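So the structure is just underneath, and the comments pick up after that.
The values are calculated or read from the model by the stated rules, or taken from the named source; none is laboratory data. From a predicted model like this one, the values you see are computed outputs, not experimental measurements. A quick note on method: Cβ atoms are made from the backbone with ideal geometry, for glycine too, and the neighbour counts reach across all protein chains shown.
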Amino acid sequence: MKLIPPRNFIYHNENIIFSGYPDIENIRFIKSLGFRKFINVCEIWPKPHEAALAKELQIKLMHYPLTVGEYSFSPIDEDKLAAIINIIVQEINKGSKIYVYDEVGTKKVGLISAILRKIEKWDLTSVLLEYQRIAGTDASNFSTRFVCNYNISRWH
């Protein structure tokens with residue numbers, strides 16, 4: 001059997017991976033990674049195969065639905081985004097490996113990745129280039145400005 005990664009799969013670093021929602025054909029691949037914390041930022045509830053995988057592998061499955069508007073005038077839930085970032089930072093500081101995914105693996109995980117890169121003190125040009133690479137056609141001028149203006153001082 002082949003190991004098939006979820007769509008838009010990307011390593012942020014050795015402790016964080018991002019992707020779109022994992023389907024049943026991705027389970028063997030996900031098992032092979034050995035990650036023990038999953039953060040689902042989809043607006044939908046976890047599907048039965050996702051909960052079964054978490055139980056089987058003794059994975060902590062966390063669901064933090066994040067709303068990121070479809071259009072440039074739609075707000076981003078900054079409080080929820082900050083809570084998700086805070087959880088990721090805390091878990092990484094404990095040495096955990098985290099798998100974060102949204103419906104498609106673009107806009108939401110792109111925003112999370114960009115904020116993490118700002119916390120990691122990447123230069124803004126590199127942060128934005130990576131955000132645009134992950135978000136693809138879902139990257140908007142509004143989201144790009146949001147990343148530029150996002151205050152990371154609480155993590156320093």
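In region 32-54, of all residues being part of a helix (DSSP H, G or I) and modelled with pLDDT of 85 or more, the one that is nearest to TYR101 (Cα to Cα) corresponds to LEU33. Here ALA82 clears all of (1) under 17 Å from ILE134 (Cβ atoms); (2) touching a residue at least 40 places away in the same chain (Cβ under 8 Å); (3) not polar (S, T, N, Q) except the condition numbered (1). Taking region 106-129 as the range and being part of a helix (DSSP H, G or I) and more than 13 Å from the chain's Cα centre (by Cα) as the test, the residues that pass are LYS118, ILE119, LEU124, THR125, SER126, VAL127, LEU128, LEU129. Residue check: is LEU66 on the phi < 0 side of the Ramachandran plot and in contact with a Cys (Cβ under 9 Å, 6 or more places away or on another chain)? Yes.
Tell me which residues, restricted to region 138-154, are assigned to a helix (DSSP H, G or I) and in contact (Cβ under 8 Å) with a residue 24 or more places away in the chain.
Listed by number, the residues that qualify are ASP138, ASN141, PHE142, SER143, PHE146, VAL147, CYS148, ARG154.
State whether one or more residues within region 16-23 are in contact with a Gly (Cβ under 8 Å, 6 or more places away or on another chain), over 20 Å from GLU130 (Cβ atoms) and in contact (Cβ under 8 Å) with a residue 60 or more places away in the chain. Checked against the condition, which is being in contact with a Gly (Cβ under 8 Å, 6 or more places away or on another chain), over 20 Å from GLU130 (Cβ atoms) and in contact (Cβ under 8 Å) with a residue 60 or more places away in the chain, region 16-23 yields at least one hit.
Checking each residue in region 93-109 for being touching a residue at least 40 places away in the same chain (Cβ under 8 Å), at negative phi, crowded, with 17+ Cβ neighbours inside 10 Å and not aromatic (Phe, Trp, Tyr) picks out ILE98, VAL100, ASP102, VAL104, THR106, LYS108, VAL109. Does at least one position in region 2-21 carry a residue that is more than 28 Å from PHE146 (Cβ to Cβ) and assigned to a helix (DSSP H, G or I)? No, because not a single residue in region 2-21 is more than 28 Å from PHE146 (Cβ to Cβ) and assigned to a helix (DSSP H, G or I).
Pairs linking a residue in region 26-52 that is β-branched (Val, Ile, Thr) to a residue that is at pLDDT below 85 and surrounded by fewer than 17 Cβ atoms within 10 Å (Cβ to Cβ), with Cβ atoms under 8 Å and 6 or more positions apart or on different chains, are ILE27/HIS49.
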